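Step one of this worksheet: look at the structure below.
The values are calculated or read from the model by the stated rules, or taken from the named source; none is laboratory data. Just so you know, these numbers come straight off a predicted model, no measurement behind them. Don't worry about glycine lacking a Cβ; one is built from the backbone with ideal geometry, like all the others, and counts go over all protein chains shown.
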Amino acid sequence: MEDLQSIMGSEVLADNECIVALDDGGTGWILARSKKFRQTDVMPECSAEDNGFNHSWSQGLVVGVYRLTIKPWSARCYEGDWDCGIDVTGIKPLWVVS
């Protein structure tokens, strides 16, 4: 598998970045994760929604592929359980449908 070319080519993602494709139904599909995120369980699922991305991250965006800067978080809830999510702090369009 190491000999296969990535969708990123020779470009390397920063530790706090991922690549997401947004479909026409508004679902974000994670295409690539930074090396740091691949080595942890921050984004174990395939979709942005299943990984707890903040709900407003895709508002106003069209179908396309985006590089996201993200900040994962976790906090203990008032009931003693843990909650977690991912805040999208930056969005750079890589390819969009116009």
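Here are a few things to note about the model shown:
- Tally of residues being closer than 22 Å to A32 by Cα and either modelled with pLDDT under 75 or of a type in the set (V, I, T) (or both) across the stretch 66-86: 3
- Criterion: surrounded by 11 or more Cβ atoms within 10 Å (Cβ to Cβ) and not hydrophobic (A, V, I, L, M, F, W, C) - qualifying residue of G80, G90, G60: G90
- Residue among D15, D50 that alone is within 17 Å of V88 (Cα to Cα), at pLDDT 90 or above and loosely packed, with under 12 Cβ neighbours inside 10 Å: D15
- Test: residue in the stretch 66-77 that is surrounded by 15 or more Cβ atoms within 10 Å (Cβ to Cβ) and among the basic types (K, R): yes
- Strands (runs of 3 or more DSSP E) enclosed by the stretch 16-98 - at least 1 residues per element that are over 11 Å from the mean Cα position of the chain (by Cα) and aliphatic (A, V, I, L, M): 64-76, 82-96
- Pair list, Cβ < 8 Å and 6+ apart or interchain, from the stretch 22-34 residues that are touching a residue at least 12 places away in the same chain (Cβ under 8 Å) to residues that are surrounded by fewer than 18 Cβ atoms within 10 Å (Cβ to Cβ) and of a type in the set (S, T, Y): T27/S47; G28/S47; W29/S47; I30/S47; A32/S6
- Long-range neighbours under 6 Å by Cβ, at least six apart or interchain, first residue of a type in the set (K, R) within the stretch 39-60, second surrounded by 14 or more Cβ atoms within 10 Å (Cβ to Cβ) and at pLDDT below 90: none
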